[in-house]
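What follows draws every value from the coordinates through simple rules; no lab data is involved. Computed from a predicted structure; not experimentally measured. Glycine also receives a Cβ, built like all others from the backbone with ideal geometry; neighbour counts cover every protein chain displayed.
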Amino acid sequence: MTERTATHLGEADLHRLRAALVNKRDELIAAERATSSEQRGIHDRETEQGDIAENLIEQEASLRLGAFDATLLADVEHALKKLDDGNFGTSEDSGAPIPLDRLEAMPWARRTAQEEDKRQRR
């Protein structure tokens with residue numbers, strides 16, 4: 001069982017952030033389904049030689065975007081689990097509270113902005 005920690009966030013904040021995470025998760029899942037349908041449509045059409053190259057470029061761009069979306073979706077789902085477990089809003093590196101303004105901008109944040117900057121510079 002996961003240990004619940006006290007949070008610096010109020011119930012209204014947690015409720016609003018949960019709603020934002022659920023909306024983002026639903027948006028990512030819808031985009032993933034649309035991309036899959038679009039890719040199936042490309043394979044189903046008869047194409048001319050010029051269209052084949054264009055379709056390959058579109059597929060490559062979709063796959064790159066899909067990989068990013070899959071990572072983001074995993075981060076969003078991880079944040080929702082932390083909410084359920086009562087560990088949301090604290091840095092996974094230091095345990096420090098993540099400021100509300102950062103969480104409002106990016107509710108799936110795993111660490112403070114300063115910690116993230118340090119991590120990216122390494």
Length released on extending from residue 33 to residue 13, taking residue separation times 0.36 nm less the Cα-Cα span: 4.2 nm
Charge sum, other residues only, whose C-beta stays under 9 Å from residue 76's C-beta, Lys/Arg counted +1 and Asp/Glu -1: 0
Table column - 3J(HN,Hα) (Hz), the range 18-26, Karplus curve with 6.51, -1.76, 1.60, x for Gly and Pro: 4, 4, 5, 5, 4, 4, 5, 4, 5
Residues with amide H under 5 Å from that of residue 90, placed H, sequence gap 5 or more: 98
